[in-house]
Each structure stands twice: as structure tokens, then as C-alpha cells.
Amino acid sequence: MKSQSDTITGEVEHPRVGTDAVARPETCPATPELFVASELYYPEDRSTGYFLTCIAEGLARLRSVTVLCAQPTYDARGQRAPNEEMRNGVRIRRCWATTFSKDRIVLRLINLITISLSLFIKACKTIRPGAVVLVVSNPPTLPFLMLTACRLRRAKCVLLVHDVYPDVLTAVGVIRRDSPICLAMHTAYRWLYGRMHGIIVLGRDMARLVRNSTQPRQIPIHVIPHWADTNEITPSEPLQNELLKTLGLLDKFVVQYSGNMGRTHDIESIMTAALLLSDTPEVHFLLIGGGAQRAKISRAVRDHQLENVTLLPYQPRSELPVTLNACSAALVSLRTGMAGVSVPSRMYNIFAAGKPTLGMVPEDSELGLLIRQEGIGWTVPPEQPARLADTIREVLHNRDYLQAAGKRARALAERDFSLNQSLRDYDAALR
């Protein structure tokens, strides 16, 4: 089976089979020094911060790695990390920037500007000629400035796309698709993509979307998905789950949403489905996480007196083996128009926990493709809460398929989504 990290020239293939070891190829040219530029890094331990930390520390076993990042602005916001430190073989250099709350758009924009400018100045002083720089797509101004720094310092620039701009902004209604701002951003990103040494994306749907923006230039596009923590997260029986015991939900069919409750997620449909299922006492919604739409969930629970919904804050990462197993099925949602724009990383650990997935996602999204191809759950179109409620009723009475789908999900995580394989692919792409 062909590796996803191979250059994409046309249709994108199924995820690649993982292996168990990270090793430098036996014959290869001298490995260039690697710089990683990201707003988020350790001690941020969720989403981008977690994944970039794992990537940098894993690659530090193979080459020299320096991370340029900001002080914590998400979950670890308020914690002051050293301006410079060595951690697990990685030299970390943190830049000054504002650390306002990310949940208010104006304050987030201020963070975006100060972080991007500060990392750009640090990069111009730090990056050495011949190095390779991996820059994350967020905040959206950062790749442009980092590409400029790479040109000034005669280094190669590789873009890691977590969100496709401006598509993510149109999908959540921040800007209109036909607005001058949107058209200008499309032009800017076509210019950016066409001048990268390479582009790394998280899924097949994202590869197709980015490829359309690189034509006619043939920029190498590598599909390297995130991974599942299959050693730490393993399937366990719900009847033995301590969280379900504490919440008094052992006798319920629990549908769990866990993770970021941001603007890209179809939270409204989940709450409407919960209201539609309020007459089905066997079903209970367990929502764990935080973000811009958490307050909306809290209001809906209060206003509609939804006794079939439990809302919890983010739980420590160390509790993931318990929290991810505290359900009968896991729910992942995206808004309409999000196919290829963002790939929900939470799905890989859902697979590791052996849970079938209810994907309220476009069918041609990466998760939609996996659900259909691997038989690991059900898909529902975004923004159709009645369909979601009907599907949950169907799932409730299809326990044999539920169990089989969970087993297939675990097998998929073990087979295709290992950290070590992702690291091998990153090492090959960043040369």
C-alpha cells in the first residue's frame, strides 16, 4: 500500500499502513537542521500544541530540532514558560507576544499579530542557511512571514496545514465567499502555496482542496494524518467505567462529544437532536470540552431543561483512557463546507478506544470516507438534527453492528495510525 506521505499528483489514496519503529533511512543525504514555527507548543497539551510537541521530540531523535513558539495562549494560558529551554532533545525558544483570551475575536486578532511578528523577528535572527522550517498554518499570518524569513535566510519552508484559509472563515460565517476580503485571501494563499518547498496536509479531502490552489505549480503535497495513542488508550467495558459510575449513567446509551466546541463544529444540531430525543430516556448526551460555543450549550441545557445532557469541562489528558471509553458511541461534528478545510484529530483516539463514530460530517470529508470504507459507524449530513436523532435511534437498536464497528475502529487505529509511522513520514517530507 502506498504511503500517504508520497507526493500527491492526482487522486488521494487510502491511509498508509503504519510500522513500529522510527529509523533514519540506511542511505540518505545529510539531514538538514529543522526549525518548527508554531504559536502553540509545550506546555500546551491539546490539539496543535500536543501534536507539534510529539512531532518535534520524535524528530529530535533523528536530527537537530529547534522550536520557535509563543507563550501559552490556550489551555495553559496564564502559565509562564521559560524563554529558552531544552526538553527531550528539542531546543525551545519562546517569543514575547500578547496572551489575551482566544474566545473573543478582537483579542484573538491582537494575539495573531503580535505572535506572528515576534516569531518572524526571532526566525530572522535564528534560522541558519540550508535549514528546513516547518511552519503551521495557524495563525494565518504566520506562514507568510515565515516564508519571508526563510527567503532572507536561504532556508527551505514547508507548510503544515491544519486549517485551510479562507475556506474555514467562510464556513463559519466570519466572511462571505464573494467578499473582496475572501477573494484577496484566495489570491494570497495561491501565491503562498506556490512558493513553498512542500505542503503537509492531514487528510485526502484536504489534499484535493490544497492541490486546486497550487495549480499550475506542482508543489509536493504530503498527506500525513495525526495518530492514535493506541498504547495509552485501549477499549474497556462501559459498565466498568468510573466516569459513567460517577455520573450515574451506567444504564444509559451514552453519546459522547469530546473536545473543542468551536465555531467550526455543528453544536446547534447536537443540541436540537438532544431536544428531539428527550422522549427517549435510554439515550444520554455526554459533552466534554470547551470553546467558543460552550456557553451556547449551557444555555440550551438550561432553557430547555435538558435532563438528557451532561456538560463537563475539559478533562486532563491523562484521563483520556477513561473519558473516551465513557460512551456507547462517539459523536464528531463539522459544519457544512468543512470538507477538506479541517480534519478533526479527535477521531484517531476515538478509534483507539474502540468506539463506533457518529460522524455529522460531509460524506467526502476524511472522516466520512473512513466511516464508509472501514464500516466503523454512521454518517449524517451536517445541520440536519432530525437525521441525527433518527440515526441515534437506529444505533440504539443495532447493538451487534455497534460492537463490530468498535472492533473495526480499534483495528484501524492499530494498523494505519501510529505515531512512529507519522514521524517516518515527517522525516522524509522535511528534507
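Take the Cβ-Cβ distance between Glu319 and Asp103 as r, set R0 to 25 Å, and report the resulting FRET efficiency rounded to the nearest 0.05. Provide the component values of the computation, followed by the final result.
Details: r = 23 Å, r/R0 = 0.92.
Once the sixth-power term is evaluated, E becomes 0.60.
Counting other Cβ atoms within 10 Å, keep those with at most 12, restrict to DSSP loop, and tell me which trypsin sites (Lys or Arg not before Pro) in region 122-197 are left. Kindly include the intermediate steps, with their values, before the conclusion.
Values: sites: Lys122, Lys125, Arg151, Arg153, Arg154, Lys156, Arg176, Arg177, Arg190, Arg195; in loops: Arg154, Arg176, Arg177, Arg195.
In loop regions of region 122-197 (DSSP not H, G, I, E or B), the sparsely surrounded trypsin sites (Lys or Arg not before Pro) are Arg154, Arg176.
In terms of Cα to Cα distance under 21 Å, which lysines are near enough to Lys125, apart from those fewer than 8 places away along the same chain?
Partners found: Lys156.
What's the long-distance tail for region 263-337, i.e. % of Cα pairs beyond 20 Å?
Pairs farther apart than 20 Å: 32 percent.
In whole percent, and with a 1.4 Å probe on the protein chains, what portion of the accessible area of region 217-295 is carbon and sulfur?
Carbon and sulfur together cover 50 percent of it.
Met86 versus Leu312, label points 7 Å from Cα toward the beta carbon: distance in nm?
Label-label distance for Met86 and Leu312, simple model: 4.0 nm.
Would you indicate which of [x] 39, 22, 19; [y] 36, 23, 21; [z] 34, 28, 23 is the value of semi-axes √(5λ) of the Cα gyration tensor in Å derived from the coordinates of this structure?
[y]
Report, for the chain, the % of DSSP beta bridges that are antiparallel, rounded to 5.
Numbers: 6 of 53 bridges.
DSSP beta bridges in the chain are roughly 10 percent antiparallel.
What's the extension gain from Ser64 to Glu232 if we count 0.36 nm per residue and subtract their Cα-Cα distance? If you can, show how the numbers build up before the last one.
On the way: separation 168, 0.36 × 168 = 60.48 nm, distance 2.78 nm.
Separation in residues times 0.36 nm, less the Cα-Cα distance, equals 57.7 nm.
Please identify, among His162, His186, His265, the residue showing maximal mean-square fluctuation in a Gaussian network model of the chain using a 10 angstrom Cα cutoff.
For the chain, modelled as a Gaussian network with Cα springs under 10 Å, the answer is His186.
Using the Cα centre as the reference, give the magnitude of the dipole from point charges on the C-beta atoms of the chain (Lys, Arg: +1; Asp, Glu: -1; all else neutral), rounded to the nearest 20 debye. Write out the running numbers ahead of the final one.
Working: 51 positive and 42 negative charges, 385 e Å.
Dipole size: approximately 1840 debye.
How far is the Cα center of region 320-337 from the Cα center of region 368-430, in Å?
Computed from Cα coordinates, the inter-centre distance equals 10 Å.
Where a ≥ b ≥ c are the square roots of the eigenvalues of the C-alpha gyration tensor, would you call region 90-177 rounded, which needs a/c under 1.5, or, failing that, prolate if a/b is larger than b/c, or oblate? Display every interim value, and only then the final one.
Working: a/c = 2.59, a/b = 1.54, b/c = 1.68.
Note, shape of region 90-177 comes out oblate.
What range in the chain is the longest one free of GluC sites (Glu not before Pro) that are in a loop by DSSP and have at most 12 other Cβ atoms within 10 angstrom?
Values: sites that count: Glu11, Glu26, Glu232, Glu307.
The longest uninterrupted stretch comes out as 27-231.
The values are calculated or read from the model by the stated rules, or taken from the named source; none is laboratory data. Because the structure is a prediction, the values reported are computed rather than measured. Virtual Cβ from ideal backbone geometry, glycine too; neighbours counted across all protein chains shown. Please note that ligands, DNA and RNA were not included when accessible areas were found on the heavy atoms of the full protein model with its side chains. Shrake-Rupley method; radii C 1.70, N 1.55, O 1.52, S 1.80 Å.
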